[in-house]
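Worksheet: one structure, shown below.
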Amino acid sequence: MRRDNRQPNELRETRITPHFVHTAAGSCLIETGGTRVICTASVEESAPAFLKNKHMGWVTAEYAMLPASTGRRKQRDGLKKDGRGVEIQRLIGRSLRGAVDLCALGERTIIVDCDVLEADGGTRTASITGGFVALCLAVEKLMKDGAIRFSPIRRQVAAVSCGIVKGTPLLDLCYAEDSGADADMNAVMTDQGEWMELQCTGENRAFTHVEFETLLSYAREGIQSLMRAQREALTQPVCHLPVWVAATDNPGKIAELQALLGGRYRLVSMREAGFTQAIAETGSTFEQNARIKADTVCRVLGYPALADDSGLTVEALGGAPGVDSALFAGTHGDDKQNTARLLQCMRDKRNKSAAFVCALALARSGEETVITMGECRGEILHEERGTGGFGYDAVFLYQDGRTFAQMDTQTKNSVSHRARAVKAMLERMDI
């Protein structure tokens with residue numbers, strides 16, 4: 001047993017108090033066991049000189065231990081910081097920058113100061129975890145002040161320490177454990193389960209692959225708990241969700257996509273984001289048109305853009321209306337006329353087989369566009385049933401004997417072509 005009776009994979013008690021320093025744009029006090037760190041975020045309305053005319057901002061960090069933070073007085077940093085402090089603040093800065101879309105931040109700098117009041121191990125990882133909260137609160141203030149329209153926070157970030165003490169892998173080392181560790185590791189992870197940084201050192205002995213995997217498992221579990229504490233401290237988490245722009249103004253599609261994303265991202269229409277130009281959908285397939293829309297919106301706005309290109313394919317009509325589903329009757333988006341024409345075309349057809357198809361494209365600056373597909377098979381009825389949904393939902397009969405227009409939202413979102421495409425997208429992104 002550990003001296004505080006914790007299990008090997010158990011965190012110390014963690015408390016995050018937001019708005020701890022009222023004069024800062026964002027701040028918190030983070031306490032992990034005996035370690036206490038004040039994190040404050042300040043905003044400067046200019047970017048560093050090396051980013052001049054690049055239309056992007058910067059996030060950086062400074063770290064310091066107060067003289068009485070340890071049992072023995074620590075001398076204050078002078079003009080030249082000690083090497084350990086410089087290395088730690090660079091780690092904090094890298095970690096927090098990884099959470100932010102610097103282009104969406106605009107030409108401004110957010111400085112996160114992490115001042116250690118008491119040090120009992122894990123001060124750098126506590127600084128990252130608390131620094132993220134302070135950063136989010138500073139961004140929230142920028143949004144409330146009208147300086148930026150959408151949050152540039154793209155992902156949640158937290159960190160924890162772990163190590164091997166007397167042959168046993170342990171999570172969240174206190175100072176006594178850390179000072180006698182055979183090996184130690186500092187782990188920084190995103191809410192998508194991706195590792196941003198791993199600092200692993202076999203100080204007194206090398207460690208095995210099995211021990212390394214155990215430490216990773218402990219770190220993942222611990223960081224997920226720390227992220228819950230972060231979300232609890234951020235009482236309005238919707239303000240800090242990464243923003244994706246839906247490359248559409250169709251409210252039905254946006255509502256479905258937002259529900260299917262499960263609150264992981266905040267979806268806004270392209271018009272709400274400031275994109276008003278027409279996009280020429282010149283592709284001959286759903287995949288091509290989805291890519292065109294996502295790439296265009298992302299290039300113009302700089303935000304990640306999610307484009308859905310979907311429609312109905314009917315076997316008896318040679319795959320029509322297909323990519324022309326929204327303008328089958330001649331007027332784009334006229335659901336009533338489109339459905340009426342479809343019923344007219346199917347009046348004498350014996351083969352009623354059809355499928356809703358969805359191509360989903362996610363475009364992000366500097367990254368390859370991701371495209372996933374979803375398909376839902378059914379039949380075309382000779383008349384409309386149900387009052388819900390949109391598009392051709394009222395004449396598309398699913399295998400359970402109901403049309404999409406007769407289903408409640410939850411049921412439709414569990415079986416639809418769009419639901420399947422979104423599920424594939426989240427799997428591709430390992431969410």
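The values are calculated or read from the model by the stated rules, or taken from the named source; none is laboratory data. What you see is a predicted model; the values in this text were computed from it and never measured. Heads up, the Cβs are rebuilt from the backbone with ideal geometry, glycines too, and the neighbour counts pull from every protein chain shown. The protein model used for the area step is the full one, side chains on, heavy atoms only, and it has no ligands, DNA or RNA in it. Shrake-Rupley method; radii C 1.70, N 1.55, O 1.52, S 1.80 Å.
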If you go through segment 285-324 one residue at a time, how many are over 30 Å from the mean Cα position of the chain (by Cα) and surrounded by fewer than 21 Cβ atoms within 10 Å (Cβ to Cβ)? 10
Scan segment 329-361 for residues that are out of contact with any Cys (no Cβ under 9 Å at 6 or more places or on another chain), at negative phi and not in a helix (DSSP H, G or I) and report the count. 16
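For the subset of segment 64-79 comprising residues that are among the polar types (S, T, N, Q) and surrounded by 11 or more Cβ atoms within 10 Å (Cβ to Cβ), which member is modelled with the highest pLDDT?
First, pick out the residues of segment 64-79 that are among the polar types (S, T, N, Q): 69-70, 75.
Still in the running and surrounded by 11 or more Cβ atoms within 10 Å (Cβ to Cβ): 69-70.
Numbers: S69: 79, T70: 76.
Once the filter is applied, the top-ranked residue is S69.
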Does A158 satisfy the criteria of being under 16 Å from V100 (Cα atoms), surrounded by 24 or more Cβ atoms within 10 Å (Cβ to Cβ) and touching a residue at least 12 places away in the same chain (Cβ under 8 Å)? yes
Failed condition for A61, given (1) in a loop (DSSP other than H, G, I, E, B); (2) surrounded by 22 or more Cβ atoms within 10 Å (Cβ to Cβ): (1)
Which members of segment 17-54 meet the condition of being closer than 23 Å to P67 by Cα, among the hydrophobic types (A, V, I, L, M, F, W, C) and either open to solvent by less than 20 Å² (accessible area, probe 1.4 Å) or not in a loop (DSSP other than H, G, I, E, B) (or both)? C28, L29, I30, V37, I38, C39, A41
Assuming G274 fulfils every condition listed in (1) surrounded by fewer than 15 Cβ atoms within 10 Å (Cβ to Cβ); (2) assigned to a helix (DSSP H, G or I) apart from one, which condition is it? (2)
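Filter segment 138-151 down to the residues that are in contact with a helix residue (DSSP H, G or I) (Cβ under 9 Å, 6 or more places away or on another chain), touching a residue at least 40 places away in the same chain (Cβ under 8 Å), surrounded by fewer than 24 Cβ atoms within 10 Å (Cβ to Cβ) and not small (G, A, S) and list them by number.
Within segment 138-151, E140, L142, M143, I148, R149, F150 meet the criteria.
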